[in-house]
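The values are calculated or read from the model by the stated rules, or taken from the named source; none is laboratory data. Keep in mind that this is a model prediction, so the values were computed, not measured. Glycine gets a Cβ as well: all are built from the backbone with ideal geometry, and neighbour counts include every protein chain shown. These accessible areas exclude ligands, DNA and RNA; they are computed on the full protein's heavy atoms, side chains included. Shrake-Rupley method; radii C 1.70, N 1.55, O 1.52, S 1.80 Å.
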Amino acid sequence: MDQTDPRQRPPTDDRAWLMDACAAITDQPVDADANLFEQGLTSLGMVRLSGAIQRRHGLRLGAVDLHDHPTVTQLSALIAERKESGV
């Protein structure tokens, strides 16, 4: 198991995983409470992030979800809510 690849880490802390995934996609550290698009997340990055979330959690998040929840903190709350509700 490659510990440097956030997609390969065990599912322990989703917020930390999301921060790592976003940092890997934007190729820079990210602030959990700052807008990801202002931190370098592009439309291609958004597709990559959505795919990573789907692989890890089985959730399909679209562009609207990512635009409506543009920070790691907001996005991790959305993921937790969707996992809990089974949507």
Review point. Across segment 39-63, what is the number of residues that are β-branched (V, I, T) and either at pLDDT below 95 or buried (at least 16 other Cβ atoms within 10 Å of the Cβ) (or both)?
Key: 1
Review point. Is it the case that A23 is open to solvent by less than 60 Å² (accessible area, probe 1.4 Å), over 21 Å from E81 (Cβ atoms) and modelled with pLDDT of 95 or more?
Key: yes
Check your understanding: Do any residues in segment 43-59 that are in contact (Cβ under 8 Å) with a residue 12 or more places away in the chain and at positive phi have Cβ atoms under 9 Å from those of residues that are surrounded by 13 or more Cβ atoms within 10 Å (Cβ to Cβ) and among the β-branched types (V, I, T), where the two are at least six apart or on different chains, and which pairs are they?
Key -> none
